[in-house]
Structures are given as C-alpha cells and as structure tokens.
Amino acid sequence: MMNSIFTVSKFNDIIKGLMEGSFEQIWIEGEVSNVSRPASGHIYFTLKDESSQIRAVVFRRIGQMRSFLAITNGEMVLCRARLNLYKPRGEYHLVIETVEPRGLGVLQKLFTETKARLAQEGLFDAEHKKNLPLLPRKVAIITSPTGAVIRDILTISANRFPATDIVVIPSKVQGADAPQELVGALHLAQKITDVDVIIIARGGGSFEDLSCFNDEKLARAIYECRFPVVSAIGHETDFTIADFVADRRAGTPSAAAEMVFPERKALTNSLQGLKVRLQQAHINQLISKKKYWENLTVRTKTPERLLEDYRIMLDDYSYRVNRSVNNLMVLQREKHTNITFRISDKNPLARIALLSSRLQGARDSLFSHWRLLGESRWMSYAALTGRLEGANPLAILRRGYGIITKIPNEKLICKAEEVAVGEKVKIKLGEGALVARVEEIMKEKQ
Amino acid sequence: MNFEEGIAKLETIVKKMEDGAMSLDESLEAFEEGVKLSKFCGQKLEEAQRRVNLLMEKNGKLETAPFGERDDDL
C-alpha cells in the first residue's frame, strides 16, 4: 500500500492495532504446557495443539481465582482471552480471562489407554509377581543420586539392617530422557549377580512430573526384570504404570525401605526362639529315650526266672491240650452215634425194597387190567370176526354155490333169460372157476 | 544357602524333633544339623558393616564408586 519505510515501532503499532482490533473476545482451546508461576504471581504457560502453540498469561489479580489453580501441564482447557502484542519484544500472546477444563489432557488419555492395554496383556497379573526375600544380601536402588529420596532410604535401611550392601544406580526421574535412562538402569542392575531386590524411587511431583513412569518401555522392562522390583514413586496417592507392573508398590520411598530391609532385632529374636526350641526338643528326646530304655530293662527278666515261667506255661499248655483233645473225641463220638442212628432210619436199601414192591404191585395191576381189557376185546373181536366170516359171500360159495357171470364183461347173471343157448358163461366156485356152455334154458314154473 | 533357606531348614528340624518320631540316632544327627544351621543364621545377622556404592556404565564398562552416606560427601 504505502511505499514508505517503517520503523519497527511503527510497524508493530500497526500490527498491534490490526491484531487487537480484529479480535475482541477470543474463545480458544488447547493443551496446557510449560506452566510457570514466578514470584510476581502471574501465571505464564503455553497453549498448544498437535502442530502449533501460542504463549499465554494470566495476570495475578485474575490468576488467584480457584479455576486458575488447576492449570497443569497436559490439561486440555477452554479459555476466554484477548490478544495482546507486546511491542518491546514484538511477540504476541493471549491474555487469559477465564479458563475451564476441557476433558482429559493428552498425557492423561495416554496413561489411561496404556494402562488398560498393558493390564489386558497381563503385565499387572498377581501370579507373575515375585516375592521379596526375607533377608536380601544386596539391594539396587534406581533413583536420583541427589535429594531426599536416597537419603531417606539409606537412613532407614541403616537403622533396620545395616549389613545389607546397597548399589545406587543413578538415573533421571523426570523429563523426556527419563524413561530411557530408567530402562538402562534396570538392565545395569541385572548385570550384578548377587542383587536380591531392586527399588525404583522418586519423590512427589505433578502428574506430568511423574509421567515418565507411565512409559510403556519402562513397564515392559520392569515386567521382564529377573529380580523383584519395588516401586516407590511420588506420594501415597500417586499411582503410575510402573507401580502396577512392579512386584511390590510402596506409597513412599521410606515405606519401600521398610518393605525391603528387615529389622535385625526381629530376626534375631526369631532365631533365638528357634534355638531355645531346638535345645528343649533335644533334651526331651533324650529324656524320653532314656525312660523307654529303663522301662525295657525293668521288664526284662533273668534267665532262671524265664525258664521257670516257661515250665509253668508248658505244663499248663499240656494239660489244656489233653483236655481239649479228650473233649474233642467225646464230641466226635456223640456226633457219630447220632448220625448213625439217623442214617439207619433213612437206609436207602429199605426204601428201595419198599419202592420195589410198590412197583411190582403196580405192574401186576397193570397186567391184569391189560389182560382183562385184551380178553374182552379179543372176545368182541372174535365174535365180530365170526359174524363177518358168516356174512362173507365167498363162504356161501364153499357151501356149493357159484357165481355166474357173463363173459367178457363179468356181469352177474341172476335170471336164466339173461343168457342164450350156446353162450359161454363163467362160474366162480368156492375154489376155482369154470367156463361153461349153456345147453338148455329151463323156465321155472311155480 | 542364604539366611531364608537356613531358617526354613532349622524350623523343619525343630518341628521334627518336637514331634518325637525319630530314632535316637536320627535325633542326635538332627540336633547337630540344627546347631550348625543356627550358627550360620546367627552369623548372617551379626555382620556389621555394609557397603554403599554408586554404579555407572562408562563406555560399556561397569564402574563402582563409594557412595557417601552423609550429605557432606556429595
């Protein structure tokens, strides 16, 4: 537009006017990061999304309101703001008037998702967790080498059991490099062969401060660690993914020290108790064995006494055997007599004779009936046969009669007129037959 | 054998002896063994001094250095 040459101030003025004039009230949402709260009481932070960011400030007067106390890194927020260009630096920023949370921040979302996924894979399963040894020989502690955490653990462990060796493996416990350093420290700890427990410890902090302990690679490294891992991260109420994967979780680093290091006094007392029981049991054993032996001795007799006893026993037994045998014989005899008597009653020979005569009787009876039957039948038969005989026409022939039939058809001739003179006829006699010729026909005159 | 194993074995022996089911020979042997274990465990408990070391890996090599237990050592 204008060909004139600007001064920087002039240019910034124009831009400031343009920018601030274009936006009265801006509603804008994004993720909070880089929060800083200097002594002035103002709150500075960066509002960002996946590819862009913008600086923001909340002035003290407004910043003291409760809603602003909640501004933390990683949170998604919705802000009402106005635009401001700060000429001395040529930078523009948002001046925030109100803020409200906009749902879970990215970090929070990632935490929830990772935790659910690893839980399903079984990384948090109770069955996988190892037990802590009663008395560790060497403990590896992964933590920042400076600060109160390692101090506390060393003090408490020295009070409880000062003889256990400790190896401190330094690592960052915050920030982007932390997960990798922590994993490296874990691998280092496993290179030492006589380590019995590993403690990962870090003091309190915000959600973002502790977020390196939600790293997936770190979780897997803890899961695969061959020594038991105790996690003591943040405060009692902070739970990171490392806490879930670890074999034991302590609410604070001090609690971890108490978990891992036993109290020497307590162990010494236990051992003393066992010693006393051992002695007592031993003495009791000896006493009871002695008593047993003494008891046996008293009950053992001298050989003469034994012999006497045996003699008496022998006599007694002999007498009893004899008596037994006698009794037995008497008993058997009685039985025998009894049986003989009962048998004679049931002598089969007698029974056979009886049955025989009955059989004979039956037979005789049968025969006589049969005879009678036969005879009467025979008589009827004979009578009938006789009558039959009598009626036999051939018997008549024997009395001299003959049957005369024609030749050739054998027709009976009963009347003389049935034949002609000179005709041949057959005459059957009682014995044999004749062929005759008719000579004459005589008519009967009555 | 470590302390935990030693204690466990000792407990087993004491229980067996208290049950009283062993022969005289076995009983004497068990008592001897028990005394040995008791001495061993006692020693573990009486060790006095520990070592606290800082461990780092430099160029692929492990290096240990004493780690001061007092603030002024840092």
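The values are calculated or read from the model by the stated rules, or taken from the named source; none is laboratory data. These figures come from a predicted structure and were not determined experimentally. Cβ placement follows ideal geometry from the backbone for every residue including glycine, while neighbour counts extend to all protein chains displayed. All accessible areas refer to the heavy atoms of the entire protein, side chains included, with ligands and DNA or RNA removed. Shrake-Rupley method; radii C 1.70, N 1.55, O 1.52, S 1.80 Å.
Over segment A:121-196, Cα pairs under 8 Å with separation of 6+ residues give a relative contact order of 39 percent.
The helix-based estimate of mean residue ellipticity at 222 nm for chain A, built from -39,500 (n - 2.57) per DSSP H run of four or more residues and divided by its residue count, is -16500 deg cm²/dmol to the nearest 500. Test of understanding: extend the Cα→C-beta vector of A:S9 to 7 Å, then name every residue of segment A:70-100 with backbone N under 16 Å from that spot. Within reach of a label on A:S9, which here means backbone N under 16 Å from a point 7 Å along Cα→Cβ, segment A:70-100 contributes A:86-90. With a 10 Å cut-off around each Cβ of A:279-289, the average count of Cβ atoms from other chains is 5. For segment B:1-60, state which chymotrypsin sites (Phe, Trp or Tyr not before Pro) are in a DSSP loop and have at most 15 other beta carbons lying within 10 Å of their beta carbon. Sparse-neighbourhood loop chymotrypsin sites (Phe, Trp or Tyr not before Pro): none present. Surface calculation, 1.4 Å probe, protein heavy atoms: A:Y44 sits at approximately 80 Å² accessible.
A 1.4 Å probe, protein heavy atoms only, puts the accessible area of A:D316 near 70 Å².
Once backbone amide H atoms are built at 1.01 Å from N, A:E423 has A:V438 as its partners under 5 Å, excluding neighbours fewer than 5 places away on the same chain.
Here the alpha carbons of segment A:133-212 define both size measures, Rg and Dmax, at 13.1, 37 Å. Once backbone amide H atoms are built at 1.01 Å from N, A:S171 has A:T143, A:S144 as its partners under 5 Å, excluding neighbours fewer than 5 places away on the same chain.
For the protein assembly as shown, the share of DSSP beta bridges that are antiparallel, to the nearest 5, is 65%. Derived scalar couplings between HN and Hα for segment A:148-165 equal 6, 4, 5, 3, 4, 5, 5, 5, 5, 5, 5, 5, 7, 8, x, 9, 7, 5 Hz in order, rounded to whole Hz, by the Karplus curve 6.51 cos²θ - 1.76 cosθ + 1.60 (θ = phi - 60°), x for Gly and Pro.
When exposed loop sites are taken as trypsin sites (Lys or Arg not before Pro) in a DSSP loop with at most 11 other Cβ atoms within 10 Å, the longest stretch of chain A clear of them is A:90-225.
What pairs from A:K291/B:K36; A:K129/A:K172; A:K16/A:K87; A:K191/B:K58 go past 19 Å between their alpha carbons? Over 19 Å Cα-Cα: A:K291/B:K36; A:K129/A:K172. Kirkwood analysis of the Cα pair distances in segment A:384-446 returns a hydrodynamic radius of 13.1 Å. Applying both filters, DSSP loop and at most 14 other Cβ atoms within 10 Å, to the GluC sites (Glu not before Pro) of segment A:212-276 gives A:E236, A:E263. For chain A, the convex hull spanned by the alpha carbon atoms encloses 856 Å³ per residue. Among the chymotrypsin sites (Phe, Trp or Tyr not before Pro) in segment A:1-43, those placed in a DSSP loop whose Cβ has at most 14 other Cβ atoms within 10 Å are A:F6, A:F23. Once the Cα atoms are used to define both axes, helix A:264-299 deviates from the longest principal axis of chain A by about 40 degrees. Relative to its residue count, chain B spans a Cα convex hull of 123 Å³ per residue. For chain B, the longest principal axis of the Cα atoms and the long axis of helix B:24-46 meet at an angle of about 20 degrees. Placing +1 on each Lys and Arg Cβ and -1 on each Asp and Glu Cβ, with no other charges, gives chain A a dipole about its Cα centre of roughly 2880 debye. If you count Lys pairs in segment A:299-446 whose Cα atoms are under 13 Å apart, skipping same-chain pairs closer than 8 places in sequence, the total is 8. Site pair A:V425 and A:E308 shows an inter-label distance of 14.8 nm when each label is modelled 7 Å from Cα along Cα→Cβ. Using alpha carbons only, how many degrees (0 to 90, rounded to 10) separate the axis of helix B:3-19 from the longest principal axis of chain B? Approximately 10 degrees, to the nearest ten.
Overall, segment A:211-317 carries a charge dipole of about 540 debye about its Cα centre when +1 sits on the Cβ of Lys and Arg and -1 on the Cβ of Asp and Glu, all other atoms neutral. Taking 0.36 nm per residue of separation and subtracting the Cα-Cα distance, full extension of the segment from A:L328 to A:N34 would add 94.1 nm.
Based on the Stokes-Einstein relation at 25 °C and a viscosity of 0.890 mPa s, and on the Kirkwood radius from alpha carbon pairs, segment A:289-446 is assigned a translational diffusion coefficient of 86 µm²/s. For segment A:1-121, the calculated P(r) over all alpha carbon pairs, in 10 Å bins from 0 to the bin holding the longest distance, is 12, 36, 27, 15, 7, 2, 1 percent. Scanning residues 5 or more positions from B:N53 or on other chains, those with amide H under 5 Å from its amide H are A:I166, A:V167, A:V168, B:F67, with H placed 1.01 Å from N in the peptide plane. Karplus-derived 3J(HN,Hα) values for segment A:427-444, using 6.51 cos²θ - 1.76 cosθ + 1.60 with θ = phi - 60°, are 10, 9, 9, x, 10, x, 9, 10, 10, 10, 10, 6, 8, 8, 10, 9, 8, 7 Hz; glycine and proline are entered as x. For segment A:41-51, putting each phi into the Karplus relation 6.51 cos²θ - 1.76 cosθ + 1.60 with θ = phi - 60° gives couplings of x, 6, 10, 10, 7, 10, 9, 9, 10, 4, 10 Hz, in residue order, rounded to whole numbers and with x for Gly and Pro.
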